[in-house]
Amino acid sequence: MSILSEISENLQNGRAKVVKELVQKAIDEGMSAETILKEGLLHGMNIIGEKFKKDEVYVPDVLIAARAMNAGTELLKPLLVSSGVKAAGKVVLGTVAGDLHDIGKNLVRMMMEGKGLEVLDIGTDVSAEKFIETAIKEEAQIIACSALLTTTMGEMENVVNTAVKAGIRDKVKIMIGGAPVTDSYCKKIGADRYTPDATSAAEEAVKLCAK
Ligand code: B1M
């Protein structure tokens with residue numbers, strides 16, 4: 001079995017310690033961080049997602065797989081983030097109200113920090129008010145919202161409307177992303193940017209801060 005299949009298999013079985021060891025081994029063997037992330041960790045997480053959908057695994061199984069995923073991505077962090085010129089800018093990042101998924105958000109944070117942005121990660125289940133209050137208090141240029149559920153993505157519209165009500169809509173850019181989110185949804189709710197993955201989110205954030 002290849003090391004990437006072993007990472008995927010052990011992630012699916014929630015063996016965080018083994019996943020960590022295998023990721024370190026793959027790094028030591030010179031494999032790229034992107035390959036380890038996409039073909040090892042995310043491959044395993046996608047299989048878990050499919051099984052979850054079919055009721056073949058349950059919430060506790062998914063939770064321990066998520067823990068194993070986080071153990072692996074922590075090791076990849078210094079390798080995934082690019083070096084070079086650092087951008088200036090402050091981002092308030094969180095997963096929207098009612099939503100507890102944080103793996104994608106954590107990847108977004110990692111990639112944005114790698115670009116030199118200051119990221120205030122305010123966690124999961126974040127209300128629209130909390131996004132706006134934090135952006136005002138911290139004078140952030142960007143609010144970045146993640147959502148993984150079709151039932152919670154509507155909260156993103158709430159964030160846009162709350163920014164309008166607070167009178168800061170022209171001072172802050174609102175970025176959105178997550179599996180059910182699309183570019184047409186972004187346009188529909190009047191947010192500024194949709195990006196499909198963590199890398200493009202970081203690149204767009206840098207561009208927005210430069211404007
Ligand atoms: Co949940 N879950 N979950 N879950 N879970 C999904 C999302 C689901 C698709 C599973 C399925 O049915 N196949 C489904 C949603 C269905 C839907 O709404 N259409 C689902 C469900 C239904 C639920 C519960 C309701 C289940 C239940 O309790 N009955 C429940 C809800 C809890 C809640 O939030 N209130 C629930 C719970 C959980 C766990 C807690 C067990 C766990 C989360 C643990 C954690 O995050 N710490 C969990 C997990 C792990 C998943 C799956 C398996 C994996 C999600 C993940 O982390 N993917 C997921 C199935 C799947 O996606 N295959 C599933 C890896 C991650 C890197 O991808 O987050 O998409 P993702 O991030 C991507 C992009 O989307 C993007 O960048 C990343 C890649 O670079 N991105 C952004 C993300 N945020 C961005 C922001 C940006 C830009 C890009 O700009 C700001």
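None of the figures in this text is laboratory data; all of them are computed from the coordinates on show. Keep in mind that what you see is a predicted model, and the values were worked out from it rather than measured. Glycine also receives a Cβ, built like all others from the backbone with ideal geometry; neighbour counts cover every protein chain displayed.
Annotations for the structure displayed:
- Helix 16-28 vs. the chain, principal-axis angle (Cα, 0 to 90°, nearest 10): 90 degrees
- A Cβ-based charge dipole, computed about the Cα centre of the stretch 3-82 with Lys and Arg at +1 and Asp and Glu at -1, lands at about 220 debye.
- FRET efficiency estimate (nearest 0.05) - Cβ-Cβ, D61 to K137, R0 35 angstrom: 0.35
- Put in order of Cβ neighbour count within 10 Å, fewest first, the listed residues S200, S2 become S2, S200.
- Seen against the Cα atoms of the chain and their longest principal axis, helix 155-165 is set at about 30 degrees.
- For I176, nonlocal amide neighbours, meaning residues 5 or more places apart or on other chains whose placed amide H falls under 5 Å from its own, are C145, R193, Y194, T195.
- Pairs spanning more than 27 Å between alpha-carbon atoms, out of K54/K77; K105/K211; K38/K207; K137/K165; K38/K105; K165/K187: K54/K77.
- With neighbour counts taken as other beta-carbon atoms within 10 Å, the residues F52, F131 rank, fewest first, as F52, F131.
- Taking the longest Cα principal axis of the chain as reference, the axis of helix 103-114 is set at about 70 degrees.
- Nearest-20 debye value, the chain charge dipole, Cβ charges on Lys, Arg, Asp, Glu: 480 debye
- Taking trypsin sites (Lys or Arg not before Pro) across the stretch 21-97, the ones in a DSSP loop with at most 15 further Cβ atoms lying within 10 angstrom of their Cβ are K54, K86.
- Within the chain, the longest run free of exposed loop sites, counting GluC sites (Glu not before Pro) that sit outside DSSP helix and strand states (H, G, I, E, B) and have at most 16 other Cβ atoms within 10 Å, spans 57-138.
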